[in-house]
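To start, the structure under review is shown below, and the notes come after it.
The values are calculated or read from the model by the stated rules, or taken from the named source; none is laboratory data. The shown structure was predicted, so the numbers you read here are calculated from the model rather than taken from an experiment. Here the Cβ positions follow ideal geometry from the backbone for every residue, glycine too, while neighbour counts run over all protein chains shown. Surface areas here come from the heavy atoms of the whole protein model, side chains and all, with no ligands, DNA or RNA. Shrake-Rupley method; radii C 1.70, N 1.55, O 1.52, S 1.80 Å.
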Amino acid sequence: MASTSGGRPSIYPTLLYADAKAAIKQLTKAFGFTALAVYEGEDGSVAHAELAQGNGAVMLGSKGTGSAFDKVMTDAGTTGVYVVVEDVDAHHRRAVEQGAEILMPPTDQDYGSRDYMARDIEGNVWSFGTYAPEIKG
């Protein structure tokens, strides 16, 4: 696993919302989260957002964007977990060797991360990658 030095958590719950903008508004106004980043798609949907609370954070976006994460979450519910790891390829090899269901192989993302997705034995979606947003206090 990657270290969490510099205010970077190593685990992020990841959520998809039918109305991600309304969810961000509620999470920030009602629950005290701080929006660290909000990236919108050309259609106005939330492609990716990061919200912090204390020393933790969540990542979220809009349902129906057609992204790889959106597609694998279709039958999985609304929540997944993102775990920061130092060596994505080694982590992926271990998962494959242990028979994990791989949903997306290690992939270089436009935002600089390298990550992959897998499903656990109960159907939960796990993403493992190098992206670790910093939470400044």
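Structure above, values below:
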read-out: Subset of segment 59-87 (residues that are touching a strand residue (DSSP E or B) at 6+ places or on another chain (Cβ under 6 Å), open to solvent by 60 Å² or more (accessible area, probe 1.4 Å) and either closer than 12 Å to A118 by Cβ or charged (D, E, K, R) (or both)); value: K63
read-out: Filtered residues of segment 22-50 (kept if open to solvent by 70 Å² or more (accessible area, probe 1.4 Å) and among the charged types (D, E, K, R)); value: K25, K29, E40, E42, D43
read-out: Subset tally (residues that are closer than 28 Å to A18 by Cβ and not β-branched (V, I, T)) for segment 56-108; value: 23
read-out: Filter result (part of a strand (DSSP E or B), open to solvent by 60 Å² or more (accessible area, probe 1.4 Å) and within 24 Å of L36 (Cα to Cα)) within segment 101-137; value: D108, R114, W126
read-out: When residues of segment 61-87 are limited to those that are more than 13 Å from S127 (Cα to Cα) and in a strand (DSSP E or B), the one nearest to the chain's Cα centre (by Cα); value: G61
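For every residue, the table says whether it meets (1) closer than 11 Å to L15 by Cα; (2) open to solvent by 30 Å² or more (accessible area, probe 1.4 Å); (3) assigned to a helix (DSSP H, G or I).
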residue	(1), (2), (3)
A52	no, no, no
A57	no, no, no
D89	no, yes, yes
H92	no, yes, yes
G99	no, yes, no
